[in-house]
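One structure below.
The values are calculated or read from the model by the stated rules, or taken from the named source; none is laboratory data. Note that the structure is predicted; figures quoted are calculated from it, not measured. Cβ: placed from backbone, ideal geometry, glycine included. Neighbour counts: every protein chain shown. We work out accessible area using only protein heavy atoms, side chains counted, and drop any ligands, DNA or RNA first. Shrake-Rupley method; radii C 1.70, N 1.55, O 1.52, S 1.80 Å.
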Amino acid sequence: MDAGYGLAVRWSLTGAPLGVGQELRDYVISTSLARFMFLDGLAFKTWRMREGEWFEGTYVFDSPRERDSFRAEFEATAAGSPVSRLIGSGPITIEDYEVVAIAEGPAKFRRGAGPGSAR
């Protein structure tokens, strides 16, 4: 049993418009979250951010074929993606990675908005 096949997409927030962190949170919660909940082949996606530094989507797919297909489609439109438009530039890295293992702790996986999304 494979743990999954990872993909990380990172944008720089250096020089991004003021307030983009909240705009990214709002976009993820209002639009992106629902889209990825129903993406065939996706085991899970995590959106990560260090405000003022970087924003990243990390994906884990069930197979390398599904990951590679998603990556090819995304790379073709990355510069015009909603996140790129909000930030004002395209991703600085798009890279595959090996998922060595996944452990689910007693607190279980959660889905939904993070602490920075509460207003």
- Message: If you average 1/r across every pair of different Cα atoms in the range 1-71 and take the reciprocal, what Kirkwood value do you get, in Å?
- Response: 13.1
- Going toward the positive end of the dipole of the chain, with +1 on Lys and Arg Cβ and -1 on Asp and Glu Cβ, which of Val83, Ala101, Ala8 do you reach last? Val83
- Query: Over its Cα atoms, what ratio of radius of gyration to 2.2 N^0.38 Å does the range 58-119 give?
  - Reply: 1.43
- Message: If I stretch the segment between Arg85 and Met37 completely, what's the gain in nm (0.36 nm per residue apart, minus their alpha carbon distance), one decimal?
- Response: 15.1 nm
- Query: What does the convex hull of the Cα atoms of the chain come to per residue, in Å³, rounded to a whole number?
  - Reply: 111
- Query: Which length gain, in nm to one decimal place, applies between Phe44 and Ala103 when the Cα-Cα distance is subtracted from 0.36 nm times their residue separation?
  - Reply: 19.9 nm
- Pop out the carbon and sulfur fraction of the accessible area of the chain as a percent, whole number, probe 1.4 Å. 53
- Message: I'd like to compare 101-114, 20-33, 37-50: which one has the highest average count of other Cβ atoms within 10 Å, and what's the full order after that?
- Response: 20-33, 37-50, 101-114
- Query: So for the pair Phe74, Arg10, with labels modelled 7 Å out along Cα→Cβ, what separation do we get in nm?
  - Reply: 1.4
- Query: Per the helix-only calculation at 222 nm, which mean residue ellipticity applies to the chain, given -39500 (n - 2.57) for every DSSP H run of n ≥ 4 and division by its residues, nearest 500 deg cm²/dmol?
  - Reply: -7500 deg cm²/dmol
- Query: Label 7 Å along Cα→Cβ of Glu23; the range 71-92 residues with amide nitrogen under 16 Å?
  - Reply: 79-91
